[in-house]
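The values are calculated or read from the model by the stated rules, or taken from the named source; none is laboratory data. Keep in mind the model is a prediction, meaning the values are calculated, not measured. Don't worry about glycine lacking a Cβ; one is built from the backbone with ideal geometry, like all the others, and counts go over all protein chains shown.
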Amino acid sequence: MRSDHRPSLPAAAVLAAVVLISAGGCSLLGLRHEEPPAPAPCPQPTATPEPYVLLRLNERRVYVVENDGRHPPEGYPVAIGQPKWPTPTGRFQINEMIENPDFLAFDFNNPKSRDRGRVPPGPNNPLGLRWIGFASAHGWQVGFHGTAKTSVLGQAVSHGCVRMANPDVVEVFNRVKIGTVVVVEE
């Protein structure tokens, strides 16, 4: 007698197929599954150092140092504080910036005395075209400022401030901001 019954696969063969498929993943079936590649790390923006102002008293020059500071910047000639009222040394921050400042005249020997008057902005103003304040010394604010009397540049003649040619102080003014670090070295 003929039977239409087909023989079934032995249980051991089915079990072996299941083990092979689970051990090899879907690759035995041609359906290879891979984890998606990890995203490439985003390049971190390199922190560009903030510019800072470097005043070298012994050189009588000021520099605006930008980027990595490896390339020496072009400096500007300055006049600094005289021995009686030296320009303070150390690390400071710009705390005041004024275009076309006015000047309150006072007695430098007695800074708490009554003001002697105000000199408005203009060609006769001893602060020139710009004021960049960064320290307090001797009883008054000290800073970089312009001067029309460029013959004093390179000398120690001020009351602690740093005098610059008017075009130079305007250029520095445009390159710094409140909070910019000022380093004053001997």
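Matching residues to (1) within 16 Å of PRO73 (Cβ to Cβ); (2) of a type outside the set (Lys, Arg); (3) without any contact (Cβ under 8 Å) to a residue 12 or more places away in the chain:
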| position | (1), (2), (3) |
| --- | --- |
| PRO126 | no, yes, no |
| ALA135 | no, yes, no |
| TRP140 | no, yes, no |
| HIS145 | no, yes, no |
| SER151 | no, yes, yes |
| VAL170 | no, yes, no |
| ILE178 | no, yes, no |
| VAL182 | yes, yes, no |
Complete set of residues in the stretch 154-177 that are in a strand (DSSP E or B), small (Gly, Ala, Ser) and farther than 18 Å from VAL53 by Cβ: ALA156
Pick from the stretch 122-135, criterion at pLDDT 95 or above and outside any strand (DSSP E or B), ranking: surrounded by the most Cβ atoms within 10 Å (Cβ to Cβ): GLY128
Conditions (1) in contact (Cβ under 8 Å) with a residue 60 or more places away in the chain; (2) over 27 Å from PRO49 (Cβ atoms); (3) not hydroxyl-bearing (Ser, Thr, Tyr): number failed by PRO120: (1)
Test: TRP85 is aromatic (Phe, Trp, Tyr) and in a loop (DSSP other than H, G, I, E, B): yes
Test for ILE80: is it more than 18 Å from ARG60 (Cα to Cα) and not in a loop (DSSP other than H, G, I, E, B): no
Matching residues in the stretch 136-164 - criterion: being surrounded by fewer than 20 Cβ atoms within 10 Å (Cβ to Cβ) and either modelled with pLDDT of 95 or more or basic (Lys, Arg) (or both): LYS149, THR150, SER151, VAL152, LEU153, GLY154, GLN155, ALA156, VAL157
Residue ID - farthest from GLY146 (Cα to Cα), chosen from residues in the stretch 88-106 that are touching a Pro at 6+ places or on another chain (Cβ under 8 Å) and in a loop (DSSP other than H, G, I, E, B): ASP102
Filtered residues of the stretch 89-103 (kept if out of contact with any helix residue (DSSP H, G or I) (no Cβ under 8 Å at 6 or more places or on another chain), at pLDDT 95 or above and either surrounded by fewer than 18 Cβ atoms within 10 Å (Cβ to Cβ) or within 13 Å of LEU54 (Cα to Cα) (or both)): THR89, GLY90, ARG91, PHE92, GLN93, ILE94, ASN95, GLU96, ILE98, ASN100
Residue check, ARG114 of a type in the set (D, E, K, R), assigned to a loop (DSSP other than H, G, I, E, B) and without any contact (Cβ under 8 Å) to a residue 24 or more places away in the chain: yes
Some residue of the stretch 136-153 being within 17 Å of TYR52 (Cβ to Cβ), of a type in the set (Gly, Ala, Ser) and assigned to a strand (DSSP E or B): yes
